[in-house]
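Worksheet for the structure shown next.
The values are calculated or read from the model by the stated rules, or taken from the named source; none is laboratory data. Fair warning: this is a prediction, and the values are worked out from it, not measured in the lab. Because the Cβ atoms are built from the backbone with ideal geometry, glycine has one as well, and the counts that use them run over all protein chains shown.
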């Protein structure tokens with residue numbers, strides 16, 4: 001989906017996808033503070049707005065997944081190098097970091 005034609009709508013979508021509340025995003029996108037909560041709710045009910053937010057959030061999730069995969073590869077590589085060098089305490093710390101990342105500890 002391309003950028004939305006209305007720059008305020010696009011900014012609103014970017015802000016919501018980035019983690020802002022609907023009301024905060026509405027105001028930061030350049031809309032009036034008065035009635036922002038209700039107007040933001042109406043705006044988010046627009047199909048093109050909600051589709052754009054979903055698209056932006058999906059892209060962010062994919063990027064986060066790629067970053068996580070790269071980080072795990074780097075940690076695995078460092079663990080292997082530490083083990084090969086006989087630095088077992090460093091290897092164990094690497095394993096502990098991996099476990100923390102994946103939520104095991």
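Return a yes/no flag: does the range 21-32 have any residue that is modelled with pLDDT under 95, under 22 Å from residue 61 (Cα atoms) and either surrounded by 13 or more Cβ atoms within 10 Å (Cβ to Cβ) or touching a helix residue (DSSP H, G or I) at 6+ places or on another chain (Cβ under 6 Å) (or both).
no
Condition check ((1) within 30 Å of residue 97 (Cα to Cα); (2) in a helix (DSSP H, G or I)) across all residues:
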residue: 13; (1), (2): no, yes
residue: 19; (1), (2): yes, no
residue: 32; (1), (2): no, no
residue: 38; (1), (2): no, yes
residue: 41; (1), (2): no, yes
residue: 51; (1), (2): no, yes
residue: 55; (1), (2): no, yes
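Regarding the range 4-11, can at least one residue be identified that is in contact (Cβ under 8 Å) with a residue 40 or more places away in the chain, assigned to a helix (DSSP H, G or I) and on the phi < 0 side of the Ramachandran plot?
Our first condition is that a residue be in contact (Cβ under 8 Å) with a residue 40 or more places away in the chain; within the range 4-11, this holds for 4, 9-10.
Okay, now just the ones that are also assigned to a helix (DSSP H, G or I), so 9-10.
From what's left, on the phi < 0 side of the Ramachandran plot: 9-10.
Yes, the conditions are met somewhere in the range 4-11.
In the range 40-79, how many residues are touching a helix residue (DSSP H, G or I) at 6+ places or on another chain (Cβ under 6 Å) and more than 18 Å from residue 18 (Cα to Cα)?
Total satisfying the criteria: 3.
If you go through the range 61-96, how many residues are assigned to a helix (DSSP H, G or I) and loosely packed, with under 12 Cβ neighbours inside 10 Å? Lay out the reasoning, then the answer.
We begin by selecting, within the range 61-96, every residue assigned to a helix (DSSP H, G or I); these are 61-84, 88-96.
Next cut, loosely packed, with under 12 Cβ neighbours inside 10 Å only: 61-67, 69-70, 73-74, 77, 84, 88-89.
Of the residues in that region, 15 qualify.
Could you tell me how many of the residues in the range 2-17 are touching a helix residue (DSSP H, G or I) at 6+ places or on another chain (Cβ under 8 Å) and surrounded by fewer than 16 Cβ atoms within 10 Å (Cβ to Cβ)? Lay out the reasoning, then the answer.
Start the filter on the range 2-17 by keeping residues that are touching a helix residue (DSSP H, G or I) at 6+ places or on another chain (Cβ under 8 Å), which leaves 3-4, 9-17.
Now narrow it down to the ones that are surrounded by fewer than 16 Cβ atoms within 10 Å (Cβ to Cβ): 3.
The number of residues fulfilling the criteria is 1.
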